[in-house]
Amino acid sequence: MKFVPLLWAELFRKKTRTVLTLLSVLVAFLLFGLLQAVQAAFEAGADNADAKRLLTTARYSIIEPLPMSYLRRIEGVPGVVGAAFADWFGAKYQNDSNAFPVFAVDPARYLNMYPEFTIPAAERETFAKTRTGAVAGKRLVDRYGWKLGQKLPITSEIHEKTDGSFNWEFDLVGVLDSDDPAVRGNTDVVLINVAYFDEARQLGKGKTGWYIIRIADSTEAKSIAAEIDRLFANSPDETKTAPEKEFAIGFAKQIGDIGALVTRILIAVFFTILILTGNTMAQAIRERIPELAILKTVGFSDRAVTLLVLGEAALLLALGAALGMIGAVAVMPVVNGGTGGRFPPLFVAGETWVLAAAVALALAIAVGLPPALRVSRLRIVDALAGHR
Amino acid sequence: MRALVEIRGVTKTYRRGGETIEVLHGVDLDIPRGDFLALMGPSGSGKTTLLNLIGGLDSPTAGTIAVDGARIDHLSSGDLSRWRAVHVGFVFQFYNLLPVLSAQRNVELPLLLTNLGAAERRRRALIALTLVGLADRARHKPKELSGGQEQRVAIARAIVSDPTLLVCDEPTGDLDRATAHEILTLLQMLNREHGKTIVMVTHDPKAADYARRRLHLDKGTLAPLSGAMAP
């Protein structure tokens with residue numbers, strides 16, 4: 001700590017140069033924080049996947065329905081401790097741009113599958129008892145200003161009612177949320193009671209979209225999945241069962257490999273920072289060779305002077321990285337507000353802070369080591385001779 | 001009584017291009033404790049090279065150098081650094097202060113290598129600045145000081161860790177006559193009243209007059225001059 005005033009003074013020796021360099025590092029880490037949040041949002045499905053949850057869809061296409069009667073047979077498979085199903089409703093609210101997922105579910109069974117979702121017990125009970133009941137994620141409720149007890153008029157693009165209309169109406173009886181910000185994006189959904197839905201639709205009665213299955217032991221996921229698929233092999237509705245994580249990764253990849261894209265952008269950004277900051281550091285140290293020789297003269301060892309130069313690089317990168325990450329956190333509410341809730345909530349995760357610290361440290365070493373090594377090899381008499 | 005600095009058969013050669021240049025040729029020299037020695041000689045005579053060897057900034061090609069009974073000619077770079085931090089203070093012609101630090105912080109620099117706390121470092125730096133008459137300039141940066149004041153700060157930095165030996169390379173080479181007198185008087189005071197052993201390189205006979213004795217170095221060989229008495 002006693003060297004910090006010295007490092008600080010040397011770092012801001014040329015204020016304009018240092019501030020400009022600092023700004024470039026700040027912007028790089030701001031971008032890093034934002035892009036990591038985007039990546040985390042896209043991968044949240046896979047990251048938050050429960051290892052004890054399997055998903056069963058139709059074998060050849062996830063849009064093909066499966067019979068609801070599979071439920072009991074799936075529950076009978078050894079190792080399965082619970083099952084639920086969900087069906088895609090294809091919803092529009094008020095106009096075409098207000099689209100969000102609506103799933104027709106058995107309330108108790110479905111909510112049992114997702115303990116990471118929070119819902120007050122009374123609302124959960126009302127949902128189970130109300131045939132026209134619906135529960136909605138908190139962000140959707142906030143976005144559209146819905147109130148508990150109101151009617152939810154939703155148009156389905158897929159399901160026609162027995163009266164020939166595509167306009168459905170449900171009673172909002174509960175609000176879904178999650179304590180974990182990474183899971184909160186998964187609650188951007190409206191769940192409707194399948195009892196009313198199945199009775200009121202014209203086509204597809206007795207069919208559902210997919211099954212969610214809870215198993216006792218995650219290490220048996222593959223064998224249980226195979227056993228489930230074997231049950232329905234050679235039937236008109238063959239199945240494909242996979243761990244939830246596998247399913248989520250496959251689904252995310254249909255949008256694009258966001259992780260690879262983000263990584264490539266960040267490599268380009270940090271490579272630029274490496275060149276820019278490296279050049280600045282090298283120049284700053286070159287200008288101070290006689291002063292560093294004086295430090296050696298008064299007793300600073302080669303190692304101590306090397307550490308001072310590395311410390312200066314680390315201080316620069318740490319400052320820029322910290323300010324950039326704080327900036328990313330600060331702009332996150334603005335970005336989230338700007339998406340109108342149509343995108344999963346962005347947030348800077350703890351892992352992102354750790355990764356930012358690691359990147360800053362790696363950059364500090366890469367940027368500081370060449371001039372530090374040069375200084376460590378510096379011969380005092382030669383450096384002072386140029387200054388006499 | 002044993003001398004503080006004992007130099008025996010010291011040779012220093014440099015390689016410049018493909019050529020080997022011998023700057024010092026088997027120098028023998030004793031510097032008693034409490035001495036104030038002026039090393040004189042023309043440019044290129046090897047006086048700064050000898051001063052660097054005495055101060056542990058460089059190592060001889062051959063021969064031995066002992067300071068206070070301890071050989072320093074064969075010490076590693078790290079050991080020499082530690083030795084310098086404890087035993088030697090340096091004063092240069094161009095002061096060599098760090099421009100970004102205040103006078104007090106400049107003086108504190110050698111103390112950063114000790115285990116002293118911040119308050120004690122500050123206290124000692126202020127004592128050193130008081131000794132050179134610059135306590136009221138402690139917060140000033142070098143660019144806010146005159147040349148003479150900068151050199152006083154450099155002297156305060158040299159004495160702050162209470163070294164046995166002060167090595168001064170042309171300490172008044174960049175100063176006018178009046179300021180040079182102040183600096184040399186200050187060095188004399190440190191020698192006489194605080195017992196510091198001082199080796200000073202100068203080519204100015206008037207500056208050398210302040211020393212207890214002077215030696216002449218010519219083409220890498222020592223030749224004693226008259227033992228001029230200090231004024």
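Read the figures in this text as sums done on the coordinates, not as results from a lab. Everything numeric here is computed off the predicted structure, so don't read it as measured data. Heads up, the Cβs are rebuilt from the backbone with ideal geometry, glycines too, and the neighbour counts pull from every protein chain shown.
Across 10 Å bins from 0, what is the distribution of all Cα-Cα pair distances for chain B, in whole percents? Reading the bins upward from 0: 8, 33, 36, 19, 4, 0.
Packing here is the average count of other Cβ atoms within 10 Å per residue, and on that basis the peptides A:74-83, A:15-24, highest first, run A:74-83, A:15-24.
Secondary structure note: in chain B, about 55% of the DSSP beta bridges are antiparallel. Taking a ≥ b ≥ c as the square roots of the Cα gyration tensor eigenvalues, segment A:273-388 comes out prolate, since a/c reaches at least 1.5 and a/b is larger than b/c. Of all lysines in the structure, the ones whose alpha carbon falls short of 21 Å from that of A:K207, not counting any fewer than 8 places away in one chain, are A:K161, A:K240. Net charge dipole, segment A:1-141: roughly 560 debye, given to the nearest 20, about the Cα centre with Cβ charges of +1 for Lys and Arg and -1 for Asp and Glu. Checked against a 29 Å cut-off, the cross-linked pairs A:K14/B:K196; B:K47/B:K206; A:K296/B:K206; A:K296/B:K143; A:K52/A:K138 give Cα-Cα distances beyond that limit for A:K14/B:K196; A:K296/B:K206.
Dipole check for the protein assembly as shown: with +1 at the C-beta of Lys and Arg, -1 at the C-beta of Asp and Glu, and the Cα centre as origin, the magnitude is about 1880 Debye. Taking all Cα-Cα distances within chain A, those exceeding 27 Å account for 61%. Residue exposure proxy: A:Y196, B:Y95, ordered by other Cβ atoms within 10 angstrom of their Cβ from fewest to most, comes out as A:Y196, B:Y95. Counting only DSSP beta bridges whose two residues both lie in chain A, roughly 80 percent are antiparallel. As a proxy for reagent exposure, A:F166, A:F270, B:F36 were ordered by neighbouring Cβ count within 10 angstrom, fewest first; the result is A:F166, A:F270, B:F36. Partner aspartates and glutamates whose Cα lies under 16 Å from the Cα of A:K151, excluding those fewer than 8 positions away in the same chain, are identified as A:E123, A:D142, A:E169, A:D171. The residue list A:T263, A:L355, A:V298 was ranked by how far each Cα lies along the charge dipole of the protein assembly as shown toward its positive end, using unit charges on Cβ atoms, and A:V298 comes out on top. Think of it as helices only: each DSSP H run of n ≥ 4 in the protein assembly as shown is worth -39500 (n - 2.57), and spread over all residues that comes to -14500 deg cm²/dmol at 222 nm.
Using the alpha-carbon positions of segment A:99-177, Rg (one decimal) and Dmax (whole number) come out as 12.7, 38 Å. With the charge dipole of segment A:1-159 set up from +1 on Lys and Arg Cβ and -1 on Asp and Glu Cβ about the Cα centre, the Cα lying farthest toward the positive end among the listed residues A:M68, A:A122, A:A28 is that of A:A28. Exposure proxy shown here: for B:Y14, A:Y110, the number of other Cβ atoms within 10 Å sets the order, fewest to most, as B:Y14, A:Y110.
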